[in-house]
């Protein structure tokens, strides 16, 4: 995972959770951080805008989406994958 991608996503999630980036652990879920569904939507919009990518519309449905939002680390990995696919394609 790119360090810039990781740092930016942690900052976006921290902003939604009203926490400092240093308080965010990669194994935490958004629920652990107190981020509700509206906060998730805002975080996804911020991620899309920052990285110029399109997150699948069903990202909040883990059984239907390849974009895993189960933890901070999985979100970073999913964004890395979308960025790589965009560069390749």
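Quick note: the coordinates plus some simple rules give every number you see, no bench work behind them. The shown structure was predicted, so the numbers you read here are calculated from the model rather than taken from an experiment. When we count neighbours, we look across all protein chains shown, and the Cβ atoms used for this are built from the backbone with ideal geometry, even at glycine.
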What distance in nm separates the simple spin-label points at residue 80 and residue 18, each placed 7 Å from Cα in the Cβ direction? 3.2 nm
Most fluctuating residue given options 19, 30, 40, as computed from a GNM of the chain linking Cα atoms under 10 Å: 19
Contact order normalised by residue count of the range 3-88, Cα under 8 Å, 6+ apart, percent: 29 percent
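Multiply the residue gap between residue 58 and residue 25 by 0.36 nm, knock off their C-alpha separation, and tell me the result in nm, one decimal place. Walk me through the numbers before you get to the answer.
Details: separation 33, 0.36 × 33 = 11.88 nm, distance 2.45 nm.
Taking residue 58 through residue 25 to full extension adds about 9.4 nm, to one decimal.
If each DSSP helix of 4+ residues adds -39,500 (n - 2.57) and the sum is divided by the residues in the chain, what number results at 222 nm, nearest 500 deg cm²/dmol?
Working: 3 runs with 47 residues, N = 89.
Taking each H run of at least 4 residues, the total per residue is -17500 deg cm²/dmol.
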Quick one: order 67, 51 by neighbouring beta-carbon count within 10 Å, fewest to most. 51, 67
Residues in the range 71-89 reached by a label modelled at residue 50 [backbone nitrogen below 11 Å; 7 Å Cα→Cβ]: 76
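Arrange 25, 71 by Cβ neighbour counts within 10 Å, fewest through most, would you?
Placing the least packed residue first, the sequence is 25, 71.
Sort 44, 24 by Cβ crowding within 10 Å, fewest neighbours at the top. All intermediate terms of the calculation are to be shown ahead of the outcome.
Numbers: 44 21, 24 17.
Least to most surrounded, the residues fall as 24, 44.
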